[in-house]
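The values are calculated or read from the model by the stated rules, or taken from the named source; none is laboratory data. These numbers were taken from a predicted model, which means no experiment stands behind them. FYI the Cβ positions are ideal-geometry reconstructions off the backbone, even for glycines, and counts take in every protein chain you see. Only protein heavy atoms, including side chains, enter the accessible area calculation; ligands, DNA and RNA are left aside. Shrake-Rupley method; radii C 1.70, N 1.55, O 1.52, S 1.80 Å.
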Amino acid sequence: MGPELIALLMFGLLLLGLFMGHPLAFVLGGAAVIGAFAAGKPMVLGIVVNRVFGDVLDNYTLIAIPLFILMARFLSDSGVTDKMFETLRLLLAGLPGGMALAVVFISILLAATTGIIGASITVMGFMALRPMLQYGYSPTMASGLIAASGCLGILIPPSIMLILMASYSPLSVGELFAGSMIPGVLLGLLYAVWVILVALVRPDMAPPVPADDKIGRGALFRMLLLEAVPPLLLILGILGSLLAGIATATEASAIGVFLALGIVVARRKFELKTFYSALIETARTSAMILFIVIGATAFTGVFNITGGLRATQEIIRALDMEPWMLMAMLLFIVFLLGAFLDWTGIVLLSFPIFLPIVQELNIDLLWFVVLMAVVLQTSFLTPPFGYALFYLRAIAPPSVRTAQIIVGVLPFIGLILLMCLAVAMFPQLVTWLPGQFYGR
């Protein structure tokens, strides 16, 4: 069987397995085994095993992933997010869309301290969805905003997606963190601008919440300052130590865990039961990600050795497009894959194919990878396999229909694509900050 047929067979098996509802990790691994035997090269599976031990289990950068997951859980247990949301809700009361703006700003803060999509959406869903509905917010507006804002965690550092991207590219974690910072924050602010526009044009969808006269503005500002200091110190400890060159990504993640645990203890929320639960949840989530990484390593290993990778790259090169058209096509492929795969599978499957082509065209690799990270925001929002939709559906009240959640995220998918266009037209949004820290 030729390389082209091997490529078609393996990707066909991948799509078939996903539509049958099997876990991605086992679909990837199974497609690798079938592809190796179909190519008449079962011996490549031994090479794949060596790659798993050499490229995955010996990759110390990946240690940062479970540490950041543990940090996110500690921060959730501390209750600091609940207090900040309540303070912002009261502070912005009376403004059109004030409660929705509080959701956006808290989501940006959560993204900069956790980087875990499921945790961000779950926390914001429990805190904000029912109150927004009670105050007359449209179910589509409320659910779409919470789902989209919760996805900022894969773009705003510290992000476990950016760590994985750095592990499978020539870029460092620090460069990717610095490069994605401005686009990530700007995307969050773009959501806020959209909320304000909707509140002004359609006040029935995002009505102002009556102000609470029992608490003065001065007291609210003091409350906000008090609640904002711990997470800001956490952000400074992680990103400051990393961008200043004091710590590596793994060391910065350890600093984050230590500071998050300190916040839990300082707020008197530490309990052995919740501590044990945090460790178990971290182990489960890390194991899930590691299984996907191992499955994708097997898939790409067989795909490469049997000639499928080379054949796919040759097909793309044969298109003979202008560089900007080729970049648009690659990003469109990422967008389409996002409807069927999660970000882990997309990164591990596309990087070996796309990055060599991007480097051949002398295109800034950092710019392309960050642009790809922006596009991958949509992978959580696009049906049928948008994980943010599943997370929100699990915690939303029965009165909120699944169709309303899907309709609610559509404007935010458009805003993500608008940010992609802005990053494509102004590469300085990505390259300026790394230039200040790393002299790019």
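Being open to solvent by 20 Å² or more (accessible area, probe 1.4 Å), free of Cβ contacts under 8 Å to residues at least 40 places away in the same chain and within 23 Å of the chain's Cα centre (by Cα) is the filter here; which residues of segment 238-257 pass it?
Passing the criteria: Gly240, Glu251, Ile255.
Given the conditions (1) closer than 23 Å to Val193 by Cα; (2) buried (at least 23 other Cβ atoms within 10 Å of the Cβ); (3) not hydroxyl-bearing (Ser, Thr, Tyr), report the number of the one that Leu70 does not fulfil.
Unmet condition: (1).
Quick check on my filter: what residues within segment 1-26 are within 14 Å of Gly295 (Cβ to Cβ), more than 22 Å from the chain's Cα centre (by Cα) and buried (at least 21 other Cβ atoms within 10 Å of the Cβ)?
Across segment 1-26, the qualifying residues are Met10, Leu14.
When only residues in segment 419-440 that are small (Gly, Ala, Ser) and over 14 Å from Glu175 (Cα atoms) count, which is most open to solvent (accessible area, probe 1.4 Å)?
Filtering segment 419-440 for residues that are small (Gly, Ala, Ser) and over 14 Å from Glu175 (Cα atoms), the one most open to solvent (accessible area, probe 1.4 Å) comes out as Ala424.
For segment 259-270, give me each residue that is closer than 13 Å to Arg73 by Cα and open to solvent by 40 Å² or more (accessible area, probe 1.4 Å).
Leu259, Leu261, Lys269, Phe270
At pLDDT 90 or above, under 26 Å from the mean Cα position of the chain (by Cα) and either of a type outside the set (S, T, N, Q) or within 24 Å of Leu410 (Cα to Cα) (or both): is that true of Tyr191 in this structure? Outline the logic, then answer.
Working: at pLDDT 90 or above: yes; under 26 Å from the mean Cα position of the chain (by Cα): yes; either of a type outside the set (S, T, N, Q) or within 24 Å of Leu410 (Cα to Cα) (or both): yes.
The answer is yes for Tyr191.
What do you reckon, is Phe126 on the phi < 0 side of the Ramachandran plot, touching a residue at least 60 places away in the same chain (Cβ under 8 Å) and surrounded by 24 or more Cβ atoms within 10 Å (Cβ to Cβ)?
Taking the combined requirement at face value, the residue does not satisfy it.
Which one of the conditions (1) touching a Ser or Thr at 6+ places or on another chain (Cβ under 7 Å); (2) open to solvent by less than 50 Å² (accessible area, probe 1.4 Å) does Arg393 fail to meet, given that it meets all the rest?
Evaluating Arg393 over (1) touching a Ser or Thr at 6+ places or on another chain (Cβ under 7 Å); (2) open to solvent by less than 50 Å² (accessible area, probe 1.4 Å) leaves (2) as the failure.
When only residues in segment 311-332 that are open to solvent by less than 60 Å² (accessible area, probe 1.4 Å) and at pLDDT 90 or above count, which is farthest from Thr378 (Cα to Cα)?
Of everything passing the filter in segment 311-332, Leu326 is farthest from Thr378 (Cα to Cα).
Determine which member of the set Ile292, Ile280 is out of contact with any Pro (no Cβ under 8 Å at 6 or more places or on another chain) and open to solvent by less than 20 Å² (accessible area, probe 1.4 Å).
So the residue among Ile292, Ile280 that is out of contact with any Pro (no Cβ under 8 Å at 6 or more places or on another chain) and open to solvent by less than 20 Å² (accessible area, probe 1.4 Å) is Ile292.
Being under 25 Å from Ala283 (Cβ atoms) and aliphatic (A, V, I, L, M), is that true of even one residue in segment 36-47?
Let us first name the residues in segment 36-47 that are under 25 Å from Ala283 (Cβ atoms), namely none.
There is no residue in segment 36-47 that is under 25 Å from Ala283 (Cβ atoms) and aliphatic (A, V, I, L, M).
Can you confirm whether Ala112 is in contact with a helix residue (DSSP H, G or I) (Cβ under 9 Å, 6 or more places away or on another chain), buried (at least 24 other Cβ atoms within 10 Å of the Cβ), modelled with pLDDT of 85 or more and among the hydrophobic types (A, V, I, L, M, F, W, C)?
Considered against the rule, which asks whether it is in contact with a helix residue (DSSP H, G or I) (Cβ under 9 Å, 6 or more places away or on another chain), buried (at least 24 other Cβ atoms within 10 Å of the Cβ), modelled with pLDDT of 85 or more and among the hydrophobic types (A, V, I, L, M, F, W, C), Ala112 comes out as no.
Do you know which residues across segment 248-306 are more than 20 Å from Ile34 (Cβ to Cβ) and not in a helix (DSSP H, G or I)?
Correct list: Thr248, Arg267, Arg268, Lys269, Phe270, Glu271.
Going by what's in this entry, would Ile121 be described as at pLDDT below 80 and within 16 Å of the chain's Cα centre (by Cα)?
No; evaluated as a whole, the condition is false for this residue.
Since Phe221 meets every condition but one in (1) part of a loop (DSSP other than H, G, I, E, B); (2) surrounded by fewer than 24 Cβ atoms within 10 Å (Cβ to Cβ); (3) at pLDDT below 85, which condition does it not meet?
Checking Phe221 against (1) part of a loop (DSSP other than H, G, I, E, B); (2) surrounded by fewer than 24 Cβ atoms within 10 Å (Cβ to Cβ); (3) at pLDDT below 85, the one that fails is (1).
Can you name the residue in segment 73-85 that is of a type outside the set (Ser, Thr, Tyr) and in contact with a Leu (Cβ under 8 Å, 6 or more places away or on another chain) and, of all such residues, is surrounded by the fewest Cβ atoms within 10 Å (Cβ to Cβ)? If you could, list the steps in order and put the result at the bottom.
First pass over segment 73-85, keeping only residues of a type outside the set (Ser, Thr, Tyr): 73-75, 77, 79-80, 82-85.
If we keep only those that are in contact with a Leu (Cβ under 8 Å, 6 or more places away or on another chain) too, we end up with 74-75, 84.
Numbers: Phe74: 27, Leu75: 27, Met84: 23.
Residue satisfying both the conditions and the ranking: Met84.
Going by what's in this entry, would Phe275 be described as open to solvent by 10 Å² or more (accessible area, probe 1.4 Å) and either out of contact with any helix residue (DSSP H, G or I) (no Cβ under 9 Å at 6 or more places or on another chain) or modelled with pLDDT of 90 or more (or both)?
When the stated conditions are applied, Phe275 passes them.
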